[in-house]
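One structure is given here, and the rest of the page talks about it.
The values are calculated or read from the model by the stated rules, or taken from the named source; none is laboratory data. All of these numbers come straight from a predicted model, not from anything done at the bench. Glycine gets a Cβ as well: all are built from the backbone with ideal geometry, and neighbour counts include every protein chain shown.
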Amino acid sequence: MEKLFDTDKRVKLGVWGLGRGGNLANYTKIMNVDLVAGCDIHPHMREKFAKDVPGAFVTADEDEFLAQDFDAVLIATYFKDHAKHTIKALNAGKHVMCEVTSFYTPAEGVAVVEAVEKSGKIYNLLENYPFTRQNMYIRKLYQEGFFGDFMYAEGSYLHECRSLCYAYNVSGGLPVEPGWHVHSWRSCFNTLYYNTHSLGPLMHITGLRPVQVSAIPCEVSMPGYLGEKNGRMCPSMVRMSNGGLLRNLMGAGTSDRHRELCLWGTKACVENSDFEMQMRLGACGAGMRLKMNPKWEAMASVAEKTGHCGGDFWELYYFIREILTGEKSYWDIYNASDVTLAGIMAVRSQEKGGVLVDVPDFRSKEDRDKYRNDHGSYAEEFHPEHIFPEDHDPAITGNFTKIMTKLYPLYSGKGLPMLHMACDGMRVYDDIANNDGRILVIAKVGQLVRELPEIAEACREAQKIADAYPDSLPGKMLYGVLSTLDLDWIFDIEGTRAKLYKWLAERKPEA
Ligand SMILES: NC(=O)c1ccc[n+]([C@@H]2O[C@H](COP(=O)([O-])OP(=O)(O)OC[C@H]3O[C@@H](n4cnc5c(N)ncnc54)[C@H](O)[C@@H]3O)[C@@H](O)[C@H]2O)c1
């Protein structure tokens, strides 16, 4: 394996929040890093980390954790707690790499920027999407002037995370406990905040910063989300510092888009999706189209084995490199503030119907003073621990998150998504363009035959909870989900299976 750093010095690392944090920490094992401590309030997360990192100190107590002897901390705790935990870790003398985003309110942002400056410690935001091989290649060409001036881009990070409102991303999706609570932030936050994966790559490629944002609210949500404003598409328009525009699309819909970026420059255009990358050359509208297959210039064999198309490797690498060699990383606290503030201001714009809002620059003392006491945040529709009436019966409500993880399992190949794939696939079967597609539908129908009893049982349980608390948020949400289903068809298990068998027997895709 290539030597990653030109030094044998090592960094002692602690990990705070062991879900995403535990996964990321595993990648640092190939760097000059000694993983020495982990902290999580949930026992199942601590158990997993202790197994993955034998000998590390593991605790639920953050003070005990920060008192351990290590140089740097990876913070991957709840989305809204990053500022509080960053400041605490800096005050304990640690360098900080923090998961997205850096802070939740402008006042927290000012406090984090000033804490980083005062501490003299290194701070990096763990924004990984700029570091896919495609985005790093686009950046290189852009910096060489290949695309000309930035005109307009469309960036998307659509990730339908309904299952994570009700379960933790561990061991196949453990239901949130107790079952009448939902996930502390994923269930109720506004996805406009989560803008870094779609704006971050453009900032890194062009070196421009966001200066204004406007977000017209979309008022249609998918079923299965508790809040009316959760589970929707959240587009915004961002004006960049050279006057060019980004259509920045976040949120949840019926087709995820993880790594989509189309960028128009004055000289060339690039269109990059999850599936392929094309460039259009000629500095005109109808230029030559080329399919591209870019490679990383170095360390490809290590990077490609890590998550998020290698982005997870590079974000960790740059942070460790900065500690070991002093070479600066892109995601310092100022660039981190720019991307975070663009999300916060998009939420404010959305709450005012889409007005254009300025994105402050926290490099400037004047801007910081303006927002120093601005603690405003999104007015959440409900509290994740109070979704049922206060006098609810735990014997009924205790099942809620378990039922939701049956209806919407972590991996969408099961539960209601599977039912829709099978039923809607049968509906369009005769018009499917190729045999691979027909085979996929047939496999889903076969799975539905096997798993129909489980789905029927989950629907019955869901109906029980909804009938017990019809006016509660979960009650209304469950009625909404059930109203999209043909329950007579689902509950008639043997009759429906017979119909599905008959349909299968009549379909024979070519081998
Ligand atoms: N960059 C990416 O691609 C990416 C991917 C996933 C998650 N994330 C970010 O990572 C963060 C963590 O996400 P997650 O997926 O692990 O889900 P999560 O938010 O459920 O996990 C947070 C973990 O931190 C623990 N925790 C919370 N408060 C704590 C405290 N005070 N002390 C100790 N432990 C505490 C929780 O028990 C949980 O295990 C989020 O902010 C999310 O935005 C980023």
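Quick look at the values:
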item	result
Considering residues of region 34-60 that are within 25 Å of residue 336 (Cα to Cα) and not hydrophobic (A, V, I, L, M, F, W, C) only, the residue surrounded by the most Cβ atoms within 10 Å (Cβ to Cβ)	38
Meets criteria (of a type in the set (A, V, I, L, M) and outside the structural domain of residue 234 (by TED's automatic domain parsing)) for residue 92	yes
Number of the condition not met by residue 139 [criteria: (1) at negative phi; (2) in a loop (DSSP other than H, G, I, E, B); (3) more than 16 Å from the ligand (Cβ to nearest atom)]	(2)
Some residue of region 82-91 being in a strand (DSSP E or B) and either under 20 Å from the mean Cα position of the chain (by Cα) or more than 11 Å from the ligand (Cβ to nearest atom) (or both)	no
Candidate set: region 149-192, residues that are more than 12 Å from residue 409 (Cα to Cα) and aromatic (Phe, Trp, Tyr); chosen: the one nearest to the ligand (Cβ to nearest atom)	185
Test: residue in region 7-22 that is within 14 Å of the ligand (Cβ to nearest atom), out of contact with any helix residue (DSSP H, G or I) (no Cβ under 6 Å at 6 or more places or on another chain), in a helix (DSSP H, G or I) and more than 18 Å from residue 98 (Cα to Cα)	no
Elements of type helices (runs of 4 or more DSSP H) in region 420-511, at least 3 residues being under 30 Å from the mean Cα position of the chain (by Cα)	435-468, 473-482
Residue identified as at pLDDT 95 or above and over 29 Å from residue 187 (Cα atoms) among 475, 437	437
Given (1) within 15 Å of the ligand (Cβ to nearest atom); (2) crowded, with 22+ Cβ neighbours inside 10 Å; (3) in a helix (DSSP H, G or I), index of the condition residue 331 fails	(3)
Checking residue 306 against (1) at pLDDT 95 or above; (2) not assigned by TED's automatic domain parsing to the domain that holds residue 188, the condition it does not meet	(1)
Where a residue in region 38-49 is closer than 16 Å to residue 183 by Cα and part of a helix (DSSP H, G or I) and its partner, wherever it lies, is among the hydrophobic types (A, V, I, L, M, F, W, C) and modelled with pLDDT of 95 or more, with Cβ under 6 Å and at least six apart	45/18
Filter result for residue 38 (within 8 Å of the ligand (Cβ to nearest atom) and either aromatic (Phe, Trp, Tyr) or in contact with a strand residue (DSSP E or B) (Cβ under 8 Å, 6 or more places away or on another chain) (or both))	no
Any chance residue 63 is more than 9 Å from the ligand (Cβ to nearest atom), assigned to a helix (DSSP H, G or I) and surrounded by fewer than 20 Cβ atoms within 10 Å (Cβ to Cβ)	yes
